[in-house]
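Chemist: The structure is given below, and queries will be raised subsequently.
The values are calculated or read from the model by the stated rules, or taken from the named source; none is laboratory data. Here the structure is a predicted model, which means the values were calculated and not measured. Using ideal geometry, Cβ is built from the backbone for each residue, glycine included, and neighbour counts are taken over all protein chains shown.
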Amino acid sequence: MELKPALCLDLDGTIQHSNSGAKFITGPADVALYPDVEAKLWEYRKEGYLIAGITNQGGVAYGFKTAQGFQDELDALMTQFDSNPFHCVCRCYSHENGTVEPYNHRSLLRKPGIGMLAVIEAEAVIRGYTIDWDNSILVGDMEDDRQCAENAGIAFQWAWNFFNRLNPSIEEIEADWDIWEQSDRDLYGDK
């Protein structure tokens, strides 16, 4: 088996954003790929990295979208690439405070847990690769992404640094985390 590092990327806020400016993507027509993503992902893929998406989609557990709805959004995202750089995308629909069976239970897949990384590793083995986690990178825009990387013992980079985007101030980052946490409470109830 061939040893390859992985470039693991969060989706919302890292790879894609709401075309309408909403906090959450509202459907396939609302999916917008950040313009700086494709070239950078292909740069890493050409260097031998496995490119993997990892995304919490707890809105499914609360009935704000369905698993098929998320798949439709993912399909819309992939059509925005000239050539899809991803080897795989892993998602977690579960949230322990959700209301929709079977997704309303705690899942080891959900970030900041490392379950999605384990799934990616299993997918790689099926394809004949061993992931070199010591040389892998996780890129994200939320504290759960950073904690996932820390829990897995792999390097982490903030999306704005990795893609050379405008670097938000620490106040903006903390305010955004507060907004996301409040949005989670508003949408999903208390954690």
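Chemist: Of the residues Arg127, Arg110, Arg106, which single one is on the phi < 0 side of the Ramachandran plot, free of Cβ contacts under 8 Å to residues at least 40 places away in the same chain and not small (Gly, Ala, Ser)?
Modeler: Result: Arg106 is the single residue among Arg127, Arg110, Arg106 that is on the phi < 0 side of the Ramachandran plot, free of Cβ contacts under 8 Å to residues at least 40 places away in the same chain and not small (Gly, Ala, Ser).
Chemist: Answer yes if at least one residue in the range 154-173 is within 15 Å of the chain's Cα centre (by Cα) and over 22 Å from Tyr34 (Cβ atoms), and no otherwise.
Modeler: No: zero hits.
Chemist: Scan (1) in contact with a helix residue (DSSP H, G or I) (Cβ under 7 Å, 6 or more places away or on another chain); (2) crowded, with 19+ Cβ neighbours inside 10 Å for the single condition His17 breaks and write down its number.
Modeler: All conditions pass for His17, except number (1).
Chemist: Given the options His105, His87, name the one that is surrounded by fewer than 20 Cβ atoms within 10 Å (Cβ to Cβ) and within 18 Å of the chain's Cα centre (by Cα).
Modeler: The unique qualifying residue is His87.
Chemist: Of all helices (runs of 4 or more DSSP H) completely enclosed by the range 132-191, which ones contain at least 2 residues that are surrounded by fewer than 17 Cβ atoms within 10 Å (Cβ to Cβ), at pLDDT 95 or above and among the hydrophobic types (A, V, I, L, M, F, W, C)?
Modeler: So the answer is none; nothing clears 2.
Chemist: So Asp36 passes all but one of these: (1) surrounded by fewer than 16 Cβ atoms within 10 Å (Cβ to Cβ); (2) in contact (Cβ under 8 Å) with a residue 12 or more places away in the chain; (3) in contact with a helix residue (DSSP H, G or I) (Cβ under 7 Å, 6 or more places away or on another chain). Which condition number does it fail?
Modeler: (3)
Chemist: To continue, here is another question. Under 7 Å by Cβ, and 6 or more places apart or on different chains, what pairs join a residue from the range 59-81 that is in contact (Cβ under 8 Å) with a residue 60 or more places away in the chain with one that is crowded, with 19+ Cβ neighbours inside 10 Å and of a type in the set (Ser, Thr, Tyr)?
Modeler: These pairs meet every condition: Ala61/Tyr93; Ala61/Ser94; Ala61/Tyr103.
Chemist: Right, next: Do we find a residue being within 29 Å of Tyr62 (Cβ to Cβ) and touching a Lys or Arg at 6+ places or on another chain (Cβ under 7 Å) anywhere in the range 97-110?
Modeler: yes
Chemist: Would you check if Tyr62 is crowded, with 20+ Cβ neighbours inside 10 Å and of a type in the set (Ser, Thr, Tyr)?
Modeler: Taking the combined requirement at face value, the residue does not satisfy it.
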